[in-house]
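Everything on this sheet refers to the single structure shown next.
The values are calculated or read from the model by the stated rules, or taken from the named source; none is laboratory data. Since this is a predicted model, take the numbers as computed values, not measurements. In this analysis, Cβ positions are derived from the backbone assuming ideal geometry, glycine residues included, and neighbour counts consider all displayed protein chains. What goes into the accessible areas is simple: the full protein's heavy atoms, side chains included, and nothing from ligands, DNA or RNA. Shrake-Rupley method; radii C 1.70, N 1.55, O 1.52, S 1.80 Å.
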Amino acid sequence: MAWQTLASRTVYENRWIRVREDDVIGPGGPGIYGVVEMRHPAVFVVAVDESDRVCLVRLERYATGGPSLEVPAGGTDGEDPLAAAQRELREETGLIAEDWLEVGRMNALNGVASAPEHVFLARGLRSDAGGLLSEAQREEGIDAVERMPFSELVSLIGRGGMSDGESIAAIALAAVHLGRFA
């Protein structure tokens, strides 16, 4: 059965998201469905250096109430996804990459959200900063920038040491592209 939308209303919005409630008829009959719409797609960057280490950021996340280890990521703010990915990598890690490849697209929380995401693999990394946390990193709440060997990162994920689902999915897409999964 296809879903039918009978009516739709915005119940909240800000510059990043819009939340709407739809009156629907779905598989279980009539009801209300809440949907979070992201205003702009997001980008995720799996940056791999010449030693096969993945660049990660450690930060506090308000919504989940604790520290999180993640790949660099952020909103496109209406710009081209590649330009946004390049900006996010530079702002969050102080790195610039020579080689960029979009390795996939995802949708976050597709049961309750319309949140398209682009995943990029970045290689040929070089520093664009002096090694100290920049003002942009402090504004994002980034406590540390770390590099972890790809194989150790996959093992860490398997042990539950990374909980950000979007970072895990982005790493999986990069791993598939790099031939790490058979």
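Figures for the structure shown
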{"item": "Condition met for A144 (under 18 Å from V57 (Cβ atoms), open to solvent by 20 Å² or more (accessible area, probe 1.4 Å) and hydrophobic (A, V, I, L, M, F, W, C))", "result": "yes"}
{"item": "Scope segment 135-182; condition assigned to a helix (DSSP H, G or I), within 15 Å of the chain's Cα centre (by Cα) and modelled with pLDDT of 95 or more; matching residues", "result": "G165, E166, S167, I168, A169, A170, I171, A172, L173, A174"}
{"item": "Pairs, first at pLDDT below 95 in segment 100-119, second open to solvent by 70 Å² or more (accessible area, probe 1.4 Å) and hydroxyl-bearing (S, T, Y), C-beta under 8 Å, six or more apart", "result": "none"}
{"item": "Tally of residues being over 16 Å from Q137 (Cα atoms) and modelled with pLDDT under 95 across segment 63-83", "result": "6"}
{"item": "Failed item, numbered, when Q86 is tested on (1) touching a Gly at 6+ places or on another chain (Cβ under 6 Å); (2) at pLDDT 95 or above", "result": "(1)"}
{"item": "Filtered residues of segment 157-182 (kept if without any contact (Cβ under 8 Å) to a residue 12 or more places away in the chain and open to solvent by less than 40 Å² (accessible area, probe 1.4 Å))", "result": "A172"}
